[in-house]
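Read the structure below first, then the notes.
The values are calculated or read from the model by the stated rules, or taken from the named source; none is laboratory data. Quick caveat: nothing in here was measured; it's all calculated off a predicted structure. We place every Cβ from the backbone using ideal geometry, glycine too, and count neighbours over all the protein chains shown. Surface areas here come from the heavy atoms of the whole protein model, side chains and all, with no ligands, DNA or RNA. Shrake-Rupley method; radii C 1.70, N 1.55, O 1.52, S 1.80 Å.
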Amino acid sequence: MESKIAGSFSNWLKNRRSKPCHRQLLVLSGNSKWTQQTAELAIQKSKFENILWVGDRDDRNSVEINRYKRYLGQEFTAIVYNAHSGVRANALIALSGSVTSQGLMILLCPDFSKWPSLHDPEVKNKESYGYSAKPIHSYFIQWLVTKLQEDDFVTIVTQDKYYPARKQAW
């Protein structure tokens, strides 16, 4: 991450930590390794302690996406959902309610321009018995990307740009 982007992102995290604010969605869009490293940085700078990682993770334990229901009813200061491992809309929505005030839901995802056309590892859980879907363009992911970009309260960080929320959650 370029130093100007890193500085702006760090300032945003510092501002969130220094004043009362609502829970918020942070989207990290890029390659898997970079998004995981940047999520670690965000968690460290935010001083979050009660964190749930959902989906594949390079260096530590995480919860498999299909086991998300076991964590409903609990509260977390941060939930990191790795969409590189696949997208399960029910898990995203259900888990978002487990983020405490001042917490972050952090969505790790591929580059927005490529994501709708990438193979979703969760597709095997969406197929009917005896049916094998060919990789196709996902209109749901395309719609999701559009909604993320349009939402005034979502902060998006890519490997080369920082898009702060147009309206702050405090």
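Pull out a ≥ b ≥ c, the square roots of the eigenvalues of the alpha-carbon gyration tensor of the range 1-96, then state rounded if a/c is under 1.5, prolate if not and a/b is larger than b/c, and oblate in the remaining case. Before the final figure, lay out each step's value.
Working: a/c = 2.04, a/b = 1.36, b/c = 1.51.
It comes out oblate by the Cα gyration axes.
Keeping all protein chains in place, calculate the accessible area per residue for the chain (probe 1.4 angstrom), answer in Å².
With the other protein chains kept in place, the chain gives 58 Å² per residue.
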Completion exercise
Taking only the alpha-carbon positions of the chain as identical scatterers, the Debye log10 I(q)/I(0) at q = 0.10, 0.11 Å⁻¹ comes out as -0.36, -0.44
Practice task
Quick one: order D111, D56 from most to least accessible surface, probe 1.4 Å.
Solution key: D56, D111
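Using Cα pairs closer than 8 Å and at least 6 residues apart in sequence, work out the relative contact order for the range 12-85, in percent. Mind dumping the intermediate values first?
Values: 67 pairs, mean separation 22.3, N = 74.
Taking the mean separation of contacting Cα pairs over the length of the range 12-85, I get 30 percent.
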Completion exercise
Once all protein chains are kept in place, D160 shows an accessible area at probe 1.4 Å, nearest 10 Å², of 90 Å²
Exercise for the section: Using amide H atoms built 1.01 Å from N in the peptide plane, name the residues 5+ places from G103, or on other chains, whose amide H lies under 5 Å from its own. Expected result: R23, Q24
Handout entry: Under-5 Å amide H pairs with Y162, H placed in peptide plane, nonlocal only
Key = none
Problem - the chain: relative contact order in percent, alpha carbon pairs under 8 Å with at least 6 residues between - result: 30 percent
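What dipole magnitude, in Debye to the nearest 20, does the chain give about its Cα centre under +1 on Lys/Arg Cβ and -1 on Asp/Glu Cβ?
The dipole magnitude comes to about 380 debye.
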Problem - Euclidean distance between Cα centres, the range 27-50 to the range 87-121, Å - result: 13 Å
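If one computes P(r) from the Cα atoms of the range 59-105, what percent of pairs lie at distances over 17 Å?
28 percent
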Completion exercise
Pseudo-spin-label distance K147 to H22, built 7 Å along Cα→Cβ, given in nm, is 1.6 nm
Fill in the blank from the handout: Taking a crude spin-label model, label points 7 Å out from Cα along the C-beta direction, the S3 to K45 distance in nm is 1.5 nm
Completion exercise
Quick calc, L72 & Q159: beta-carbon distance into FRET formula, R0 30 Å, rounding 0.05, result 0.40
Problem - the range 29-73, Cα convex hull volume normalised per residue, Å³ - result: 96 Å³
Handout entry: 3J(HN,Hα) from dihedral phi, the range 159-165, Karplus parametrisation 6.51/-1.76/1.60, rounded to Hz, x for glycine, proline
Key = 5, 10, 8, 10, 10, x, 4
Exercise for the section: Would you work out what percent of the accessible area of the chain, with all protein chains in place, is carbon or sulfur (probe 1.4 Å)? Expected result: 49 percent
Practice task
Determine the principal axes of the Cα atoms in the range 1-54, then give the extent along each, sorted from largest to smallest and rounded to whole angstroms.
Solution key: 32, 29, 17
Problem - Dipole axis of the chain (+1 Lys, Arg; -1 Asp, Glu on Cβ), positive-most option in P110, L52, T100 - result: T100
